[in-house]
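Everything below concerns the one structure shown next.
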């Protein structure tokens, strides 16, 4: 069991601002430098589109799909808000492997069970 749990809530789309990018940079740094810390990521609002597969970005540009995959491969948990996904017409679409559709009740549990919560 992790010594500490950190929840990162992302609200912005994967591209257009750097909020998702910076949140995932933090997640990846925590996993690399502090393997004793449990990292959870909850995607809300336009950030649910971060969970869509087959993202194509220009050479040398960050790719949110690859970054989420890295967080998941290192044991991070990633969930996407079902209501937000439904309102954006993506509920039922295939998501990046390891991302689960979720609820506000799950987010509330994660908030209460986390030592720190950071919102982007």
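The values are calculated or read from the model by the stated rules, or taken from the named source; none is laboratory data. These figures come from a predicted structure and were not determined experimentally. Here the Cβ is made from the backbone with ideal geometry for all residues, glycine too, and neighbour counts use every protein chain on show.
Out of the residues in the range 59-75 that are part of a loop (DSSP other than H, G, I, E, B) and in contact with a helix residue (DSSP H, G or I) (Cβ under 6 Å, 6 or more places away or on another chain), which is farthest from residue 39 (Cα to Cα)?
That would be 62.
Look at the range 13-27 and say how many of its residues are surrounded by fewer than 21 Cβ atoms within 10 Å (Cβ to Cβ) and in contact with a helix residue (DSSP H, G or I) (Cβ under 6 Å, 6 or more places away or on another chain).
Qualifying residue count for the region: 1.
Run down 21, 15 and say which single residue is more than 12 Å from the chain's Cα centre (by Cα), closer than 17 Å to residue 120 by Cβ and at pLDDT 95 or above.
15
Filter the range 67-89 for residues that are in contact with a strand residue (DSSP E or B) (Cβ under 9 Å, 6 or more places away or on another chain) and either at pLDDT below 95 or more than 25 Å from residue 18 (Cβ to Cβ) (or both) and give the result.
Of everything in the range 67-89, just one residue is in contact with a strand residue (DSSP E or B) (Cβ under 9 Å, 6 or more places away or on another chain) and either at pLDDT below 95 or more than 25 Å from residue 18 (Cβ to Cβ) (or both), namely 82.
Just need a number here: residues in the range 17-54 that are under 17 Å from residue 88 (Cα atoms) and either out of contact with any strand residue (DSSP E or B) (no Cβ under 8 Å at 6 or more places or on another chain) or part of a strand (DSSP E or B) (or both).
6
May I ask you to list the residues in the range 90-120 that are at positive phi and modelled with pLDDT of 95 or more?
If the condition is that a residue be at positive phi and modelled with pLDDT of 95 or more, then 98 is the only one that fits.
Against the condition crowded, with 16+ Cβ neighbours inside 10 Å, out of contact with any strand residue (DSSP E or B) (no Cβ under 7 Å at 6 or more places or on another chain) and over 11 Å from residue 7 (Cα atoms), how does residue 103 come out, does it pass?
no
Checking residue 117 against (1) touching a residue at least 24 places away in the same chain (Cβ under 8 Å); (2) farther than 20 Å from residue 3 by Cα: exactly one of these is not met. Which one?
Result: residue 117 fails condition (2) only.
Go through the range 29-70 and count every residue that is surrounded by 14 or more Cβ atoms within 10 Å (Cβ to Cβ) and either under 14 Å from residue 5 (Cα atoms) or without any contact (Cβ under 8 Å) to a residue 12 or more places away in the chain (or both).
10
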